[in-house]
Amino acid sequence: MAHIPATSLGSKNKKHFLGVPAPLGYVAGVGRGATGFTTRSDIGPARDANDVSDDRHAPPAAKRKKKDEDEDDDEDLNDSNYDEFSGYSGSLFSKDPYDKDDAEADAIYESIDKRMDEKRKEYREKRLKEDLERYRQERPKIQQQFSDLKRNLIAVSEDEWANLPEVGDSRNKKQRNPRAEKFTPLPDSVLSRNLGGESTTAIDGRSGLASMIPGVATPGMLTPSGDMDLRKIGQARNTLMNVKLSQVSDSVAGQTVVDPKGYLTDLQSMIPTYGGDINDIKKARLLLKSVRETNPNHPPAWIASARLEEVTGKVQMARNLIMRGCEVNPLSEDLWLEAARLQPPDTAKGVIAQAARHIPTSVRIWIKAADLETEAKAKRRVFRKALEHIPNSVRLWKAAVEIENPEDAKILLSRAVECCNTSVELWLALARLETYENARKVLNKARENIPTDRQIWTTAAKLEEANGNNHMVEKIIDRAMTSLSANGVEINRDQWLQEAMEAEKAGAIKCCQAIVKAVISAGIDEEDRKQTWIDDADNCAKEGAFECARAVYTFALAEFPSKKSIWLRAAYFEKNHGTRESLEAILQKAVAHCPKSEVLWLMGAKSKWMAGDVPAARGILSLAFQANPNSEDIWLAAVKLESENSEYERARRLLAKARASAPTPRVMMKSAKLEWALDNLEAALSLLEDAVKVFPDFAKLWMMKGQIEEQKKLLDRAVETYNGGLKKCPNSIPLWLLLSSLEERQNLLTKSRSVLERGRLKNPKNATLWLAAIRIEIRAGLKDMANTLMARALQECPNAGELWAEAIFLEARPQRKTKSVDALKKCEHDPHVLLAVSKLFWSERKIQKCRDWFNRTIKIDPDFGDSWAYYYKFELQHGTEQQQKELLERCVVAEPKHGEEWCRVSKDIANWCLKTDEVLRAVVKVLPTPI
């Protein structure tokens, strides 16, 4: 047999396709469902070899390496290596020795080169940067070209990602799809176990329905005859789950040790409450450790360390640290208290007991020990032990007394005042618990031990007043002043007045009055007494101490009985805070001392009249006539009293007497008004014709004469009257308005405009005349002209609230809110603007805001009747009966007199007898609802 070489045997076993190039279009693994892909290494770099490198995002090390290489190249190619003929080359003298002169020369040249290079460096770097940016814009990288598309990927939802088609050939889709439906045959044990099951809980395999259940029917496999019991399959699954759960749970004697309700709470307690950086905790820990080791006798370092561990959730470590600190510093009560706080209650008691052994004189330690006890008996025992060690601690005595019953407290306090005889609180507490006689003795002892405290004296005065010895109160206060001054105590007015207020709050009125009387003059100059006392009374009234204020006024009036201003203030104080009887009593004293003061007489008469005692009011006014003959105010008050009580003949006689004795313009006006109200128009005109001749400068006479002529349809005479009145009273704005209104009602718009124009010339910058002109244009339907006039008016009167209020509702509904903001900037506290804003919220159905703004309006100007009327109308629509009643009462107290709508009703001669509440209801009826 011939010998066959080994190489030929190896080549015979070699596969024929090894080393042969792959056929065209061949993709490795495509037969088993693989998909070909291409990487950057297959297609080469995305940029040319000679492309400018982009090292913006290179790592710092690479940047430094590149910089060093560039510097080396620069050193090789600097000007010193350059030859004019041969260019850059090596040094011609490199073989020669290099001495100090050469080094010095090279250093000089190098410094020159560096200097020149620094001059050109900024320009060169800027130029290079611009060239690079331009080049990168012309030839961007592939990833930069798709950067905008990458940014848009943020908007792709999860469903869109999931529905992206698979990459590659669709022929192998089923092989690559893991979600494709698969059929798995059931094991024989399951099938054999379910043979013969009940028909009610099984599916017949022959029915064909079993094939619809995945994993039950298998194509090509014969379904066994009989039923499959699905209920038993479910039971088997539950059994297996129970076995696994019982294996996982840690059971002891058949019961799990896991608390199903509380284990989540326990887990929550393990979570550290600190949410900061862990590095900060480590740094703080190291710092505090250094402080503790450097100065172990510094308690705050131990406390800070323990609290750091507590914050980070390591409570046990905190306890260990604080206890170590207590061992090092056993005399620091702060450390012991912190240790007790960190320990659980049972352990804390032991810690505090140990602290009390080390520091038996610490009040805070004993207080903490008592707080840790839950039973009153144990607390008492702790306090008794504490007082054995610290018998002079007021705080401990007070804490011990608080938990005792009155009898035991009395015993404790008697011992306490022996140990702490300088504590005012303990003496006063003992006096409160004793009987009247014993309390007097206790207070006397207290005064002996503490002769410089005023509270003991005031308590003694209150004690006497409480037991009916009012005559002793003033004596005790006087003795207090003498004794305290003798012991060097300064009598401070403010402190004593505050003491008087406290006495009043405690119900000791006599004591309060005695204190005020004793200290009211202390430390005040003679010329400042009156103003100072008035200020004191005002301050007392603001604090709600009305008896103190009354005592101040009583003393001031005794010192200044002829000062009308003090009597008036005292009367107004009684009117606001006192009773009708007290007001009338002080007014009687006032008119006795100041009989020439008409206001005091009138206040007294009005008080009697409002109480329904008309004869008494007449009596007061008759006395006022005797004291003030020919007084216009008293005459008119008497006329008003008679006319409003329907005594018209008596009113006429009084007015006739007044015209004869004191013919003033107001008397003439009231006389004409009475006749006009009683419908005696001829008599009224006769009186007015005489009055305008005597008093031509009194505009109201001309106004009344013109209005009566209008009522009698004598329009031409009314025009003449108004014009005559304007010649005499060109500054009377109501006269201009009446004449303009009369011309407008006669459809003479041009004349009406002309009247207002003349009025504005005579009275420049008058907002009322501008407003009348604007409303004429609105009523005529010329809204553009009204807007033009409004713009001119606001230029001339930029701070006129009535103009801004009208301007808000001249705007269209969407622009009203903006206009209201502008109005509030210009007229923040004007009642017209605030009322307009309230109506704006009303039109927008913002109920609570509207109510708040109405309250603000009537608070700023209670005399503005329109705000009361609109507010009452609002409450009638949206408020409760209680709110309506309260608002009506507030309006009656305020007695508003002004306002356009208010005056239109109240000045109407038909409503001359209406009271405030009746006027309010009448105005509400004619007011429009804001829309």
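The values are calculated or read from the model by the stated rules, or taken from the named source; none is laboratory data. None of the values given here were measured: they were computed from a predicted structure. Backbone-built Cβ (ideal geometry, glycine too); neighbour counts: all protein chains shown. Areas reflect the complete protein model, heavy atoms only, side chains present, ligands, DNA and RNA absent. Shrake-Rupley method; radii C 1.70, N 1.55, O 1.52, S 1.80 Å.
Summary of computed values
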| item | result |
| --- | --- |
| Linear extension gain, VAL394 paired with TYR436, 0.36 nm per residue minus alpha-carbon span | 12.6 nm |
| Computed FRET value (nearest 0.05) for ALA611 with GLU811, which takes r as the C-beta separation and R₀ as 41 Å | 0.20 |
| Extreme residue, positive dipole direction of region 366-470, given options VAL394, TYR436, ALA460 (C-beta unit charges) | VAL394 |
| For region 275-420, fraction of C-alpha pairs farther apart than 20 Å, in % | 54 |
| Probe 1.4 Å, all protein chains present, accessible-area order of LEU132, LEU430, LEU240, largest first | LEU240, LEU132, LEU430 |
| Region 275-420 - accessible surface per residue (Å², probe 1.4 Å) | 55 |
| Charge tally in the Cβ shell below 12 Å around TRP496, where Lys, Arg are +1 and Asp, Glu are -1, TRP496 excluded | -2 |
| Rounded accessible area of TYR109 (nearest 10 Å², 1.4 Å probe) | 150 |
| Formal net charge of residues neighbouring GLU647 (Cβ-Cβ distance under 14 Å; K, R +1; D, E -1) | +2 |
| Probe 1.4 Å - accessible area at LYS129, Å² to nearest ten | 130 |
| Cα-centred dipole magnitude for region 275-420, charges only on beta-carbon of K, R (+1) and D, E (-1), debye, nearest 20 | 200 |
| Loop trypsin sites (Lys or Arg not before Pro), region 672-741, which have at most 16 other Cβ atoms in a 10 Å radius of their Cβ (DSSP) | LYS712, LYS713 |
| Inter-site label distance for ALA656 and VAL328 at 7 Å from Cα along Cβ, in nm | 11.0 |
| Net charge dipole size for region 845-930 [Lys, Arg +1 and Asp, Glu -1 on Cβ; Debye, nearest 20] | 300 |
| Stretchable slack from GLU689 to ARG758, in nm (0.36 nm times residue separation minus alpha-carbon distance) | 22.3 nm |
| Sites ASP525 and HIS829, calculated FRET efficiency, Cβ-Cβ separation with R0 25 Å, nearest 0.05 | 0.10 |
| Probe 1.4 Å - accessible area at THR361, Å² to nearest ten | 100 |
| Calculated FRET efficiency for the pair VAL821/ILE142, C-beta based, R₀ 51 Å, to 0.05 | 0.35 |
| Burial order of peptide ranges 100-106, 684-690 (average beta-carbon count within 10 Å, highest first) | 684-690, 100-106 |
| LYS713-SER646 pseudo-label distance in nm [points 7 Å out on the Cα-to-Cβ vector] | 3.2 |
| Ranked order, GLU647, GLU130 - accessible area, probe 1.4 Å, largest first | GLU130, GLU647 |
| Net lengthening on full extension, ASN467/GLU404 (0.36 nm per residue, minus Cα-Cα) | 20.0 nm |
| Quotient of Cα Rg and 2.2 N^0.38 Å for region 835-931, N being how many residues it contains | 1.00 |
| Estimated distance in nm for a label pair at ALA910 and ALA107, the labels positioned 7 Å out from Cα along Cα-to-Cβ | 11.8 |
